[in-house]
Each structure stands twice: as C-alpha cells, then as structure tokens.
Amino acid sequence: MPTATNGLSLPEIVTQLQQLLGAQSDGPTPEQLQEVCDVLYSASLLKEEGRAVRARVLIAPPEAFLAAEGPPDGPHALRFTLTKALTANEIKRLSPAASFFHSVVAIWPDRDRGVRIWGILNTGPRWLNLVAGGRKPTGKELPYPIIHVRDPGWLLFYHGYNLVAEWRGREFHGPRLDVFQSRLLHERFAGHRLRMVEDLIECCLPPSLDVAAYAGLAHLIALQFVKRIINLVRTSGHGGSMVILPDDPPRFEAATQWIDCKYSVADDVSGMRFRSLLQAIIRRVGQLCPEHSTVDAAWEIFRNSSDAELDRLEEAFFELARLFSDLMQVDGALVLDKRLCLIGFGGEIRVDRNVFLVGQAHDLDGHDITPWNVQNDGTRHRSVYRLCSVEPEVIGFVISQDSHVRMIANVDDAVIFWPHTMI
C-alpha cells in the first residue's frame with residue numbers, strides 16, 4: 001500500500017470519507033468506498049477522444065437534492081430512470097456530459113447492487129470562485145464528499161469546498177497550500193496598498209471605512225485578480241510565468257536590469273489600468289457600505305452585491321485578467337510591478353548565476369522547508385529561481401503545462417517556493 005511521507009494511506013482516506021458521510025444506514029461500506037477510489041483512479045488513466053478524463057464525482061443519496069433547484073443558488077439534479085454501474089468506462093463516457101467545471105457525477109449504493117451512478121448534478125461554475133477569483137458568492141455548498149478526477153493518476157478528495165486529501169501517482173498527500181493565504185503576500189504588498197489608500201482617502205473615498213479597512217479590501221481584491229490570471233493560464237494547458245517587481249524606483253531599476261522584455265509597454269495610463277480599476281472598485285464598495293464598516297463587511301458587499309456599477313467594474317477587471325493571461329502565452333515572463341501595472345511580456349530573464357538548490361515550503365509561513373534540487377524543474381522555474389536569488393523583493397508565479405502552480409520568493413537570502421494546488 002503506497003504511503004506519503006506524512007503517513008496518509010488509502011485506508012485512512014476511506015476512513016475520512018466515511019466520517020464525512022456520517023452514520024447513514026444505506027451509505028457505502030468501507031469496501032465500497034475503496035472500490036470507488038480504485039475505479040476513479042482507473043478512470044483517470046483513460047482517454048476520452050484523445051483527452052485525459054476529468055470529472056467530479058459526488059458521493060450523496062438522490063433524495064438529498066430538491067427537484068426544483070438550479071444554479072446559481074443550488075444544484076440542478078438530473079436523476080436517471082435507470083442507475084448505471086460505477087465503472088471506469090462509465091465515468092469516461094459521462095465526463096463530457098458532466099463538464100468538470102460545471103457539473104458532478106452523483107453516486108450512491110443501491111441495496112445489493114453495489115455503488116451506482118444515479119444522475120448528474122449541474123452545479124454551475126461559481127464553486128471555482130474560491131480559486132479563480134470570481135466576485136459572486138459560491139452558492140449552496142454541497143455537504144458531501146466530492147472526488148476530483150483531475151489528471152492521469154491524480155485524485156483530489158474534497159468535503160464541500162475544503163480539500164482534505166490527495167492521491168497522486170503512488171503517493172498520498174494531505175491538503176495542499178493556498179499560497180494566496182500566505183503571510184508573505186500580505187506583508188510584501190501591505191505598504192503599497194496602504195499608501196494608495198492614503199493618497200485617495202482625502203478626496204475620493206467615502207468615510208464608511210477607515211484607512212486600514214480600505215487597504216485590507218484592496219489587498220483582497222488584488223489577490224482575486226492574480227487568482228484569475230493564474231487560473232486562466234492553468235485551464236489553457238499552456239503554462240507560463242509572471243514576475244512582480246518592486247515599485248520604488250531604485251529597486252525597480254535594479255530588478256529590470258535582469259529582464260529583457262521582447263514586448264515592453266509604454267509607461268502611460270494604459271499600463272496602469274489595474275490600479276485605476278482597483279481604485280474605482282474600492283470607492284464603489286465604500287459608497288455601498290454603511291458607516292463604520294469593517295473590512296469583512298466590505299468584502300461581503302463586494303462579493304454579494306448586485307449593484308450594476310460593481311458588475312460593470314468586475315467585467316472590466318475580468319477582461320484585464322484575461323488579457324494578462326493571454327500575454328503569458330508568449331514565451332517568456334509577464335512582468336508587472338507591485339501596483340500590478342504592466343511593464344512588458346515575453347520577458348527573458350538573464351541572470352548569470354547558478355542556483356542548484358532551493359527550499360520547498362510545506363506550510364504557509366515557510367517554517368517547514370525541505371531542500372529541492374532544481375534539476376527536477378524546467379527552464380521557467382529555474383529562471384525565476386535565479387531572478388529571486390539576485391533580487392530579494394521579486395515574487396514569481398510559475399504555472400506548468402500540467403497546471404501545477406508555484407509561488408517563488410526570496411526569504412532571508414534563500415530562494416523558496418510554495419506549491420499551490422486547489423482544484
């Protein structure tokens with residue numbers, strides 16, 4: 001039985017699944033849950049018209065869902081008149097109909113017939129907002145285990161929206177890291193967001209939030225923007241890299257000496273569109289907030305408001321993220337500064353310095369670090385490692401063709417990367 005370094009094994013995953021399902025007399029047995037895992041692992045190794053099988057599979061009883069519901073507020077349940085046997089080939093056949101990003105295949109035991117496929121639930125894509133940077137709320141959470149058949153030999157085990165375990169190749173892993181929750185990202189951008197708000201507070205921002213709350217809101221919205229860029233690149237299947245440089249002139253000049261952009265962008269208001277949109281969004285949220293609102297209250301208004309002006313600004317925001325993700329399709333790095341203003345793309349990183357070892361962080365604070373041999377990585381990763389080794393203020397994101405994401409930074413004169421896997 002394969003086991004990861006943290007000791008997680010398939011029987012332990014099965015036990016977790018049983019605990020998540022609770023005490024249900026007609027629920028799956030441990031043997032049936034192990035069979036589900038084996039079948040879905042086998043399905044992940046198949047091809048559907050030349051493409052890897054991708055699917056989300058929900059373990060839940062048919063009676064748990066109302067017939068009249070539907071996205072965006074709840075799942076739309078399509079119940080088959082005849083259930084189907086759960087096999088790898090059946091998952092393969094259903095995967096195009098149950099699109100990974102919009103629907104799930106629903107399974108549950110059927111008396112003495114074993115685990116059966118009883119239907120498809122159309123959830124809509126809002127569940128992706130947690131990882132893709134969408135503004136609208138995610139809708140009703142499905143309080144049942146969901147197994148993502150993500151890529152060949154790769155299963156992700158969720159409870160609702162929370163990742164609880166991962167099975168990749170012959171290894172099992174516990175939950176991965178959400179790098180966007182890291183303290184490093186918050187601290188490196190905190191001063192910039194605060195200065196931006198202080199420049200606006202006197203003339204443009206309503207007094208419903210104080211300076212700290214506006215700065216916190218700006219940080220959360222900026223993270224949503226970066227999430228969108230990265231998710232769009234992940235789903236393109238191409239991969240790419242993005243480097244964020246310091247925005248103060250001396251450090252900016254020092255960092256740009258290492259990057260030769262094939263396509264540099266004029267230093268005018270066009271390249272600062274992110275900043276102008278962010279200012280407009282926090283101003284509009286401030287107008288919608290009651291007096292003395294907290295950053296949490298403002299964030300909820302940002303996510304849940306049906307305000308037409310916010311919708312218009314979000315559309316503009318999304319299109320800018322799409323543009324940035326498209327620019328990353330060109331060989332070389334997308335280059336931004338800390339204001340997320342566009343410097344150029346197709347950036348060739350030219351650092352004449354070898355980096356043989358970096359650290360892999362296993363926690364968000366970067367306390368649990370193990371050595372990583374960079375010979376395991378490709379050109380994109382190694383070039384960003386070298387840049388961070390000479391410019392400690394740079395933050396890099398690298399997306400592989402297989403959709404793996406790493407955040408790379410220099411911490412205490414050591415280059416460290418954080419793996420990011422959420423779907």
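From the square roots a ≥ b ≥ c of the eigenvalues of the alpha-carbon gyration tensor of segment 179-420, which class results: rounded (a/c under 1.5), prolate (a/b over b/c), or oblate? Taking the square roots of the gyration eigenvalues as a ≥ b ≥ c, segment 179-420 is prolate. Each of SER325, ASN373, ILE395 was scored by the projection of its Cα onto the charge dipole of segment 290-400, and the greatest displacement toward the positive side belongs to ASN373; charges sit on the C-beta of Lys, Arg, Asp and Glu. To the nearest 20 Debye, how big is the dipole of segment 10-173 about its Cα centre, given +1 on the beta carbon of each Lys and Arg and -1 on that of each Asp and Glu? In debye, rounded to 20, segment 10-173 gives about 580.
For segment 274-336, applying the loop criterion from DSSP together with a ceiling of 14 other beta carbons within 10 Å to the GluC sites (Glu not before Pro) yields GLU291.
Only helical runs count toward this figure. For the chain, summing -39,500 (n - 2.57) over DSSP H runs of n ≥ 4 and dividing by all residues gives -11500 deg cm²/dmol at 222 nm. Put in order of Cβ neighbour count within 10 Å, fewest first, the listed residues SER182, SER25 become SER25, SER182.
Which listed residue (ALA280, THR256, ALA316) has the Cα farthest towards the positive end of the charge dipole for the chain, taking +1 on Lys and Arg C-beta and -1 on Asp and Glu C-beta about the Cα centre? Farthest along the dipole direction, towards plus: ALA316.
Calculate the dipole size of segment 186-309 relative to its Cα centre from +1 charges on Lys and Arg beta carbons and -1 charges on Asp and Glu beta carbons; express the result in debye to the nearest 20. Don't jump to the answer; show the numbers that get you there.
Working: 13 positive and 16 negative charges, 118 e Å.
The dipole magnitude comes to about 560 debye.
Pick from LEU334, LEU313, LEU121 the residue whose mean-square fluctuation is largest in a GNM of the chain, springs joining Cα atoms under 10 Å. So, out of LEU334, LEU313, LEU121, the one fluctuating most is LEU313. In a reduced charge model with +1 at each Lys and Arg Cβ and -1 at each Asp and Glu Cβ, the chain shows a dipole moment near 1040 debye about its Cα centre.
List the GluC sites (Glu not before Pro) in segment 184-252 that DSSP assigns to loop (not H, G, I, E or B) and whose Cβ has at most 13 other Cβ atoms within 10 Å. Which are they?
Values: sites: GLU187, GLU198, GLU202; in loops: GLU202.
Those that pass, being in a loop and sparsely packed, are GLU202.
For the chain, with a Gaussian network of springs between Cα atoms less than 10 Å apart, report the residue from HIS292, HIS192, HIS404 with the top mean-square fluctuation. In this elastic network of the chain, the residue with the biggest mean-square fluctuation among HIS292, HIS192, HIS404 is HIS292.
What residues of segment 263-305 lie in the reach of a label at LEU323, counting those whose backbone N is under 18 Å from a point 7 Å from the Cα along Cα→Cβ? Answer for segment 263-305: 263-281.
Taking the charge dipole of the chain about its Cα centre, with +1 at Lys and Arg Cβ atoms and -1 at Asp and Glu Cβ atoms, the residue from ALA97, TYR161, ALA190 reaching farthest to the positive side is ALA97. Listed by chain and number, the aspartates and glutamates whose alpha-carbon sits under 19 Å from that of LYS92, ignoring those within fewer than 8 places in the same chain, are GLU35, ASP38, GLU48, GLU49, ASP151.
Which of rounded, prolate or oblate describes segment 10-173 when judged by the alpha-carbon gyration tensor and an a/c cut-off of 1.5? Cα axes put segment 10-173 in the rounded bin.
All of the numbers you see were taken from the coordinates with simple rules; none came from a lab. Just so you know, these numbers come straight off a predicted model, no measurement behind them. Glycine also receives a Cβ, built like all others from the backbone with ideal geometry; neighbour counts cover every protein chain displayed.
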